[in-house]
Structure formats: structure tokens, C-alpha cells
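See structure below.
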Amino acid sequence: MKELSKAYESKDVEAKWYQAWMDANAFHSDASKGGEPYCVVIPPPNVTGILHVGHVLNNTIQDILVRWRRMQGRNVVWMPGTDHAGIATQNKVEQALKEEGKTRDDLGRDAFIERVWTWREEYGGTIINQLKRLGASCDWERECFTMDPGLSAAVTDVFVQLYEKDLIYRGNRIINWCPRCQTALSDEESKGEDRKGHLWHIKYPVSGGVEGEFITVATTRPETMLGDVAVAMNPADERYADLPGKTITLPLVGRELVVIQDDYVDKEFGTGLVKVTPAHDPNDFEMGQRHNLESIDVMNEDGTMGERAGEYAGMDRFACRKKVVADLEELGLLAEIEGHSHAVGQCYRCKTIVEPRLSLQWFVRMEPLAQPAIDCVKDGRLNIVPDRWSNTYLEWMENIRDWCISRQIWWGHRIPVYYCDACDHQWAARETASVCASCSSADIRQDEDVLDTWFSSWLWPFSTFGWPEETDDLNFYYPGGTLVTGFDIIFFWVARMVMAGLEFRGEVPFKDVYIHGIVRDDKGTKISKQLGNFVDPIEYMDEYSADALRFSLMMILALGHDLKLPKDQIEVGRNFGTKLWNAARFMQMQDNSFVVDIENPVFDPALLSSEDKSIIYEMNQSIQACTEHLERYRFNDYAREVYDLVWHRLCDWYVEYSKSVFYGDDDSRKKQVLTVMHVVFANSLKLLHPVMPFITEELWQSMGYGAEGDFIMLERWPESQEMTALAAFGITEDVLAYVQDKHAVIRAGRMLKADLNIQAAKKMAYIIKPENEAHVSLLSEDEPSLMMLMRAESIIVDPAFSPEAAMPSAVLRLGTVYMPVDGVIDVAEELGRLTKQLDKLSGELKKFDGKLSNPQFVEKAPEEVIAQQRERRDEIASEAEKVSELIKALS
RNA sequence: GGGCGAUUAGCUCAAUUGGCAGAGCGCCAGCUUUACACGCUGGAUGUUACAGGUUCAAGUCCUGUAUCGCCCACCA
């Protein structure tokens, strides 16, 4: 046994054990060892990222699952890695360049990409090191990066496969365009945010009609009118029956607009007329397709107005909006300005307002991929926890839209499509092409765009194991066990991984998806750097320890809910660590050379006291409960269970009880109690290891529970035993009931002192009148521990004691414990207290009597409920009777 | 507009199948008890958001209302 210092120094200890685990290769997984696989793939953090509390939550959960399953003997792999995060990373590097006064164009494509790689070498390891600080037991030998050659090959392979199946196509569509990042975004990457805006009603002159005739259209984006090509009406709208055939003049531009009739137009909304701008609105684009209209793009890639905007060319889009409105007003063509609140798309990377814009992009046809992904949730092959997220998932799948996968940036997987300028051939290829696949001309060029970052992430569960090669790892570990993630990336990532898994592996990528909430600050606001409420978890780990942070988070992690993390919550974990530490020190102080074989402890039924039996039983119950809670992803219940076992059952009761043995002189009992305590403590450490890996390892080693060089992290998870097995040690329902009773007696004794304002330390005489005859001799035998725990001067166990006769020199608590207090008590005060107690009891009794005399209750309630209620009623009645007799005796 | 979640002690949250409403923090009183004051012992605190309903029995199930939060959506 290694003697423990007085205080626990978490920082050194945590670093020491992490290094020791790494040195021993303890996180490494090996498919060839067989067994039952359990695979978790990390949601790869952005390579640019730094650790925030959300990562801590996410990775603590994964680490708990992984460590627990590993202890259960599963062949566990936790696959780590980072994501190249196309737009985010490119933005970061461009930012750095900007400080040097350069742009990416100054460098050119190749040099820029080179620069990003250099940047990644320098800063890319930050978050990985932070995860290690947290204790994540990933198999770091396998660490992947989405731009690794292997993973890139998987991306290309998937692209080519889908291309050849015609599930990938290139087309002109309205997409979300970020003018700042200057790239297309997928629908998911444009986050709608309600903004207070305006609805401008604009008068368009009708030519060929009466002089001064106008129609009115409404728009939230007046600048797009510069690209109008038509006005649309509902064919059934009689108000405008004579409009078709007439031409309309577009103000400011002078272009003639045709009138089209389309069912899309809602007669009831606005004026019933819609301006049609096919190049800048998805619905208008659809109408444009149906009616063969030209699309006039009036904007540039950077959000300024383009040359087709005529005199407005070069203006910023929002400046142009103001100018257009002002110009219209001057012409008297502004009919009305209405306040209007509507969702405006924002770039999820930089919050810039995105511009719906006609653009030539690559898309994945999603519908064929979605159906199997719907089926697997409906038939239970994929289990989403908590289940309500299934609805969100299915809703999205069932209304799926094609995925825009091309990005106009440089950092990422370049689209493996080639164009031949000689023969116009277009093809996709796995290998970099140098000549045309059709005419062998060397006059070819590769598509300039790169793929959406998520196009590599959706392959993560199998690309990381070497796919498209059929590796042993892949065959053994796929499909994974649990995917742990926040709800914010269900669409981005989870849904798409399921689709890819089913499409390319024919199997779901994981069996369970555990969706956790997000961490908010103490005001309930989502934590983010932009909001300035970012707290650095590393600071928390430095101040309180990684274990404390992990444990505290789990204590408040209700299934699938958001959680708030105030600073004093973390103290709960820190305090718990200290409690553990001191419990260990207590044992060492009794005997610092005592070694127990934890797996095969010597329990002699003849030597075990009822307290010993009770704590063994409670440990056993906790083992079962913890296992069940983890199986059901009830992390807060799991954490609370160990907390209660260690703090309240082991420390508050058993350790306090043990002092009556240790301070005595029965050596065989001392040995037995110390054995029990070590066994309970060691098993508690095991139960706790998944959530508090460091301190449990330190204590496990210091206490000498394992053989030299053995880690608790590789120990076997404890298994609970049936009651019948426990009976071999004399652990029976009767014993457990007795200990409950005994503890009630002790509490009653303490309450007596507190109520009578007697100092807790003052030793008093007690009389115990057991209700249960069988407990008379047991209580007598337990006198030493009762004396200690009640701080008694003397204890008399007397089933025949008559409190009524002894009054007014004795008082009672809970009907069983009496204290002779000759001349000490204030009779009036005691009477008042007893009367109050009686009132409360009679009130309760009335409630129970009412219930029990209700014929419908007696008729319809299940028997065990009635019996239970009746028992409870009788308890209250007998207590009330005793109290009332005492009142009589006192008065 | 559609959907989801929340509303329980001063605060943060539990409560399995409907069956005695709990914990931590905070608060109050006491304690240098030979593991721990990051501790020990005891205590106070509830119209379970509101209004109905179902039931012998509702925090829990149903209907509606309010407030807050989130997600989705092409009403210009």
C-alpha cells in the first residue's frame, strides 16, 4: 500500500496516469483478439477547434461507455480523429493571411493549400491534446483526419460510385450563397433566423391598359426586382382576369414583363400578384422553368450588384436595396411599406445573410438513399435515444431535398470530375486523370470545386477502418455500438451517416444513437465564443480536476435535456473526489499493510455483523443499478447511484459504524470489517472508474488492489449476485430489516438531543423499546456501535419499558427510543411539541382512513396497494396512540 | 404556418408501470466527534404554471390556456 498524502493533487496525478495508460498501450484495440466488439467513433472535432464544454460533455459520455464496455470484457475501439472543416479552416487561414496583407489569390491554389497543411501541423493537435487532458481513452494509434489519403480515397470512390449510378448530377439550381465565404452552402448550412424586415409594395405600370393603370406586387428584397422577368397570378383569380396578355413595365429598368398564370400563387396573400425573379428565388426559379422564362442574375459573387443591375452595378446589395426603394418612392411607385417579420437565412459559419442565387453546382439525389434510412429506424435496426428524436429524423428524411455538395473554396476534397476541352467529354475518375477518357486528348481540366466537408464525414464510421478495402478491422468493428452526439448535427451528420452506411455497407453504421442536450451557461444561454460567455474547460480541469468536471456534468445530465453548468456544480465533483480520498486514508490509518484479495475476499459468515452484511448487500444493489443505468444511457442515475453508495451508505454509515470495531480490541472483527470495507471501496472504485478515471486509478494503485502494473481501467466490471447467493454469507431480508430498524433508532436518538437542545457530544442515557421482538437481542448485542453512533452514556434495551409510567422524566422519538431527562425538560414545551406532532399524525390518519373506507378504492385498487396503504395507516395510528398516551401522562 | 421540449422547494434539477413528492446547492441551528469544514448532525421550505376532464387514486394519462426555449418550412 502506498501511503496517501493528506490532500489529493489532481493535476499531477491525472497527467501521470494518462501517460502510464499510453505507455502501456492500454487504449489500443486489436480486431484479431476477437470477442464481442464494441465500437464508438468520435464525432470528429474541427481541426481548427478548441475544447468547449460541449466537447467535454460529448466525450465524457463516450469515454464512460467505452471504459465501461472495456471493463465488461468487450473488444472495444474508440476511433478518434479530426475533421478538415473546409470552410471554417479556410476562413481561419485566410484570416491569418489577411494579417500579412495577403489574400488566397496572392498565393494561388497550390500554395494556399500548402499553407493550410502547415497551419494544421502547427495548431491541429490542440483539441486532441485537450481531449487527452480530459481522459479520453481513444485508440490514438488509429487517429484519422478526413483529408488522410485513405479517407480521401473513400470520398473519391463514393463520389464516383454515385456519379456512375446517376445519383450525383450537376445542375443550375437556386442554392444558398454566402457572399462572404463566396461559396454555395447546403440547405442545412443556412440557418433561418427571424428578422424584422419590411414588405415593400411596389407599383408596376401596366402598358396597353388605361393611362395610369398599375398593379401592385410585394417583396422583401426590392433589389431583386432588377432581375424580374414576369408577374405571376393565380389562374383562378378573377380580379386579374383581364391581365394576361397585357405587358407590364419594370420600373427603374424599363424591361417588359409578361404575365404568367401559376397555381403556386396564393390569391389570398398580399395583392395576389407575385413578381418573378428566377435567378434569385427558388419558387420563382421553378415558375421560370415551367414558363420558359429567362433567368437574369443581377448580383456578383461577393454580394455586390452585377452588370445586369444596370446603373446599380457595383453597389452593395443592401445599399442597393435602399437606393431602389428611394428611387421608387421618388417616382411615386412605392405603394406601401409594411412591417414584416420573416426568416432570413444566415451562413452557419460566418452569420452573413445568405443570398438565394442561381448557380451551377453538384448535387446528390437523396430520395433513393433516404428510404432505407427511414426503414431502419421504423423496424428498430437503428435505435435513437431518447426516442423522440426519431420523429425529427424521420421528418427530415421524409421531406428530403437534394444535397448541394460543391463548394467554391480550395480546402477540401476536390471534385473528381474532369472535362475534356477537345471532345467535351465529362467523366468522374478515382485516379487523377491526365488524358481524356474518351479521346485521349491531354487538353483536360479537373472541376475547380471541392466537396462539402460533410461529404467526407458521412463516411466516417467505415472510412476510418480502411474502406473501400475490406479490412479485418472493418469487418470486425463495423457496425458500431453507439454514436454519441448533440441534436444539432442530426441532419448534418447522423442522418447522412445512416444513409451512407446502408448504401455502401448494406448495414446501419451503429445500433444506438444517443442524443444529448447542449450545455448552457447559468443564465440558460447557449455557450459560444461569439456570445462571449465561453468558459474554458481546461481552466475548470486545472482548478477542480478533470474527474470533477466529468462527474459533475454527469450528475446533472438528464436524458436528452439541455443542461446548465454553474461553477458551484463542479464543486460537487471535486468534493466527491476528496471524500473518496479521505475514505481511503481512513482505511490506511487503520492498517496500512492490510492486503485484501478483492476478487476473492474472505467473508466468514460467523464473523460478519449485520452492518457488514447490509453494506455488502447495498454494494451489490448498486452494482446492479449502475449496470442497468448505463445500459439505458441514464448517466445521471448512474452517477447518483455511486455517489450515494460511497457517500451516504459507505462513509456516513459503515465507516462511522466501523469505528466501534476499530477502537475496540477484537482483532478478528477488525480484520473482517477492514476486509468488507476494502471490498466495498474497491468495487465502488470500479463502478466509478468510467466517469472518474484518474482518481480511481490512483486509489486503486495506492491501495494495492491490483497486481503490480495492472490498471483498474483493465479490471473486470463487477457483477451483482442474486439474493440466494448472498444468503451464503447470512445476508437475508431479516438482517436487512434489522439494520434499517437499527439506523432508525440511531436517528431517533440524535433527534432527541437536537430537539431538546442537548449538545450532540453530550453523552446521554437511552432506553430502547424495540417494536420487533426479534430485534431485542440483536440490539443488545449491538450496544457498542449504538453507544458510539448515538453518543450514549448508557443504553438499556427494554421491551417492557413503560414510557407512560416514566413520564414526565422521559421523552420519546419515533416510538422506540426514550431518554430519561429527569428535571431537564420543560414540560410545557414538550407538551406543545407532542400536541403538534399529534395534530400532524391525526391529519394524515384521516387521509388514510378516508381512502381506506372508500368502497371504490377497496374494490378497484390492486391488493398489494391496499395492503401497503393499510400497513402505513396502522403505523401512523400506533404512533399517534403512543403520542397521545404520552400527552396524557405528561398533563 | 407545422413540430418538439420545458414549467415541481429560494436556485439547478430528479421522481421507472398512475400508488407515501425527492436530491444537490443555498438557508437556519449546533459541532475543533482521533478520514474528510471540499466535513459531521439536525432542521425549515411545495396550490407540482393555469383551467377542465378520466380514474378508487394524477407531478405522471386526456383536452384546452399561458409563458419560455428549440427545430423545421418557398407564402412573395
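The values are calculated or read from the model by the stated rules, or taken from the named source; none is laboratory data. Treat the numbers as computed from the prediction; the structure is a model and nothing was measured. Neighbour counts are summed over all protein chains in view; Cβ atoms, including those assigned to glycine, are modelled from backbone coordinates with ideal geometry. Just the protein is used for accessible areas: all its heavy atoms, side chains included, with ligands, DNA and RNA removed. Shrake-Rupley method; radii C 1.70, N 1.55, O 1.52, S 1.80 Å.
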Report, to the nearest 10°, how far helix A:317-330 tilts away from the longest principal axis of the Cα atoms in chain A, using its own Cα long axis and a range of 0 to 90°. 60 degrees
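Run the dipole for region A:849-891 about the Cα centre, Lys and Arg Cβ at +1, Asp and Glu Cβ at -1, nothing else charged, and hand back the magnitude in debye, nearest 20. Don't skip to the end; give the middle numbers.
Working: 7 positive and 10 negative charges, 31 e Å.
Value, rounded to 20: 160 debye.
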Over the Cα atoms of region A:19-171, what is the Rg over Rh ratio if Rh follows Kirkwood? 1.05
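What Kirkwood radius, in Å to one decimal, follows from the Cα pairs of region A:228-281? Please report the intermediate quantities before stating the final value.
On the way: mean 1/r = 0.0875 Å⁻¹.
Result for region A:228-281 stands at 11.4 Å.
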Is the C-alpha gyration tensor of region A:743-794 telling us rounded, prolate or oblate? Criteria: a/c under 1.5 is rounded; beyond that, a/b larger than b/c is prolate, otherwise oblate. prolate
If you take all C-alpha pairs in region A:220-313, what percent of them are over 16 Å apart? 54 percent
Nearest 500 deg cm²/dmol is fine: what mean residue ellipticity at 222 nm does chain A get from its DSSP H runs of n ≥ 4 alone, each adding -39,500 (n - 2.57), divided by its residue count? -13500 deg cm²/dmol
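Give me the tail of P(r) for region A:724-881 as a percent: Cα-Cα pairs with distance above 18 Å. Before the final figure, lay out the partial values.
On the way: 8186 of 12403 pairs.
Summing the P(r) tail past 18 Å for region A:724-881 gives 66 percent.
Over all distinct alpha-carbon pairs, what is the Kirkwood Rh of region A:275-420 in angstrom?
19.5 Å is the Kirkwood radius here.
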When 1/r is averaged over all different Cα pairs and the result inverted, which Kirkwood radius in Å belongs to region A:125-229? 20.4 Å
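Can you tell me what percent of all Cα-Cα pairs in region A:532-648 are more than 24 Å apart? Could you put the intermediate results ahead of the total?
Details: 2846 of 6786 pairs.
Within region A:532-648, distances greater than 24 Å cover 42 percent of Cα pairs.
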List, largest first, the extents of the alpha carbons of region A:630-774 along their principal axes, each in whole Å. 52, 35, 34
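Can you tell me the mean projection area, over all orientations, of the convex hull of region A:590-661's alpha carbons? Units nm², please. Don't skip to the answer; put the middle values down first.
Numbers: hull surface 23.1 nm².
Average projection, Cα convex hull of region A:590-661: 5.8 nm².
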Compactness of region A:630-696 as Cα Rg over 2.2 N^0.38 Å, two decimals: 1.32
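If the viscosity is 1.306 mPa s and the temperature 10 °C, what Stokes-Einstein diffusion coefficient in µm²/s follows for region A:673-743 when Rh is the Kirkwood radius over Cα pairs?
Details: Rh = 14.0 Å.
Once the numbers are plugged in, D ends up at 114 µm²/s.
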From zero outward in steps of 20 Å, how is the percent of C-alpha pairs of chain A spread across the bins? 12, 32, 28, 18, 10, 1
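With Rg and the Kirkwood Rh both taken from Cα atoms, where does Rg over Rh land for region A:795-891?
Working: Rg = 16.6 Å, Rh = 15.0 Å.
Ratio of gyration radius to Kirkwood radius for region A:795-891: 1.10.
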In degrees, nearest ten, helix A:567-590 long axis to first principal axis of chain A (Cα): 40 degrees
Cα-centre dipole for region A:790-891 with unit charges at Cβ (Lys and Arg positive, Asp and Glu negative), debye to 20: 380 debye
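For region A:282-410, which whole-number percentage of the solvent-accessible area (1.4 Å probe, protein heavy atoms only) is attributable to carbon and sulfur atoms?
Carbon and sulfur atoms account for 45 percent of the accessible area of region A:282-410.
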Would you kindly derive the ³J(HN,Hα) couplings of region A:34-50 from the backbone phi angles with the Karplus curve 6.51 cos²θ - 1.76 cosθ + 1.60 (θ = phi - 60°), listing them in order in whole Hz, with x for Gly and Pro? x, x, 8, x, 9, 10, 10, 9, 6, x, x, x, 4, 4, 7, x, 10
The correct pair for region A:368-506, radius of gyration to one decimal and Dmax as a whole number, both in Å and from Cα atoms, is 18.3, 57
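Roughly how big is region A:136-207's charge dipole about its Cα centre, with Cβ charges of +1 (Lys, Arg) and -1 (Asp, Glu), in debye to the nearest 20?
Numbers: 9 positive and 12 negative charges, 168 e Å.
Its charge dipole is roughly 800 debye.
If packing is taken as the average number of other Cβ atoms within 10 Å across a peptide's residues, how do A:384-391, A:225-232 rank, most packed first? Each step should come with its number before you reach the end.
Numbers: A:384-391: 15.1, A:225-232: 25.0.
Per-residue Cβ counts within 10 Å, averaged per peptide and sorted highest first, yield A:225-232, A:384-391.
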Selection from A:Met790, A:Ala725, A:Tyr738 lying farthest towards where the dipole of region A:719-818 points positive, charges on Cβ: A:Met790
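What do you get for GluC sites (Glu not before Pro) in region A:209-259 restricted to DSSP loop and a cutoff of at most 10 other Cβ within 10 Å of the site's Cβ? Please report the intermediate quantities before stating the final value.
On the way: sites: A:Glu211, A:Glu213, A:Glu223, A:Glu238, A:Glu256; in loops: A:Glu211, A:Glu213.
When the GluC sites (Glu not before Pro) of region A:209-259 are filtered for loop state and at most 10 Cβ neighbours within 10 Å, A:Glu211 remain.
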Once you have the Kirkwood Rh of region A:563-722 from its Cα pairs, apply Stokes-Einstein at 10 °C and 1.306 mPa s and quote D in µm²/s. 98 µm²/s
Determine by what factor the alpha-carbon radius of gyration of region A:73-146 differs from 2.2 N^0.38 Å, reporting the quotient. 1.41
